[in-house]
Structures are given as C-alpha cells and as structure tokens.
Amino acid sequence: MPTRARILVAEDHELMRDKVVRLLRRDFEVLEAVTNGEALLEAAARLKPDVCVLDISMPLLNGIETATHLKKSNSPAKVIFLTIHNDPDSVGAAFKSGAEGYVFKTRMAADLIVAVREVLAGRTFLSSC
C-alpha cells in the first residue's frame, strides 16, 4: 500500500481549520494543524511534511512570510495557499514566495484535494474564479 502524503495545515480560524483537516484526512495524513506561521515553521522542521497548506492572513507571520522562510530553510515541503484573497497581487506574491498551489476558500471542496495531488506530481495549481 502506498504511503499517504503527510500534510501540515496553518489556519488561524478554528472552524475553517477543522473543515480543512476533515477534508484532507479523507485522502492524506494530516500531521498537525496550527494557528500561525511561526508554529508552522517549528512543526515543519520537526515533522517534515510533504505539503504545507497555509492561509495568507495569519498572526505572528503571515502566509507569504511563512512560505518564504520555509523555502529559505530548504524544506522540501510543497506549499499551497488556501485563502479568501483572489486578487492578482496576492496570487503573484504567493507564487513569488515559493508556493506551488493557490486555492480560494470558496473553491476548497472542489479544489483542495486536486491541488495537493497536482503539487505532489510536480505541477502547479491555481483555482479558477
């Protein structure tokens, strides 16, 4: 049996965090769900996830800063943003920070699992509006 991809989630809103974890657990191993960027960086160093799913708007370190730090630390984890921000500047900043995927929260049910599979296969993913 192939191993399930290991995912780390960072989302500061509890209800959304719970929804994300429930959705991802159907197909993947969710290692931990944290509430801010600093906690994600600590957990990523400790747990070595395959994928990190980040919100952009988080306390302490926002998602863009977190992704930048993650990539600078040479983490092999793929980064997917799950966010309400659907403007071109946010999308551009996310990919510039090293993200491989960008999913709008309004498209989470349809796109998040697909996005994880795409980035694990070495491709990028961007939700359609």
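Here, each number is a calculation from the coordinates, and none is a lab measurement. None of these values were measured; they are calculated from a predicted model. Glycine gets a Cβ as well: all are built from the backbone with ideal geometry, and neighbour counts include every protein chain shown.
So if I place +1 on the C-beta of Lys and Arg and -1 on the C-beta of Asp and Glu, and nothing else carries charge, what would the dipole magnitude of the chain be about its Cα centre? I want it in debye, nearest 20.
Details: 17 positive and 17 negative charges, 95 e Å.
So the magnitude is around 460 debye.
Quote the relative contact order of the range 14-129 in percent (integer), defining contacts as alpha-carbon pairs under 8 Å separated by 6+ residues. Mind showing how you got there, number by number?
On the way: 161 pairs, mean separation 24.8, N = 116.
Once normalised by length, the contact order is 21 percent.
For the range 65-129, what is the relative contact order in percent, using Cα pairs closer than 8 Å and at least 6 residues apart in sequence?
On the way: 79 pairs, mean separation 20.9, N = 65.
This gives 32 percent for the range 65-129.
For P(r) over Cα pairs in 5 Å bins from 0, in percent, which listed value, [x] 2, 12, 25, 28, 22, 9, 2, 0, 0; [y] 2, 11, 18, 17, 13, 10, 9, 7, 5, 3, 2, 1, 1, 1, 0, 0; [z] 2, 11, 23, 27, 22, 12, 3, 0, comes from the coordinates shown?
So the structure-derived entry is [x].
Using 0.36 nm per residue, how much length does the chain from ASN86 to ARG117 gain when fully extended, once their Cα-Cα distance is taken away? Let's see the in-between values first.
On the way: separation 31, 0.36 × 31 = 11.16 nm, distance 2.13 nm.
Taking ASN86 through ARG117 to full extension adds about 9.0 nm, to one decimal.
Report the calculated FRET efficiency for MET16 and ASN74 (r = Cβ-Cβ distance, R0 = 22 Å), to the nearest 0.05. Working shown, then result.
On the way: r = 29 Å, r/R0 = 1.33.
Plugging the Cβ-Cβ distance into 1/(1 + (r/R0)^6) gives 0.15.
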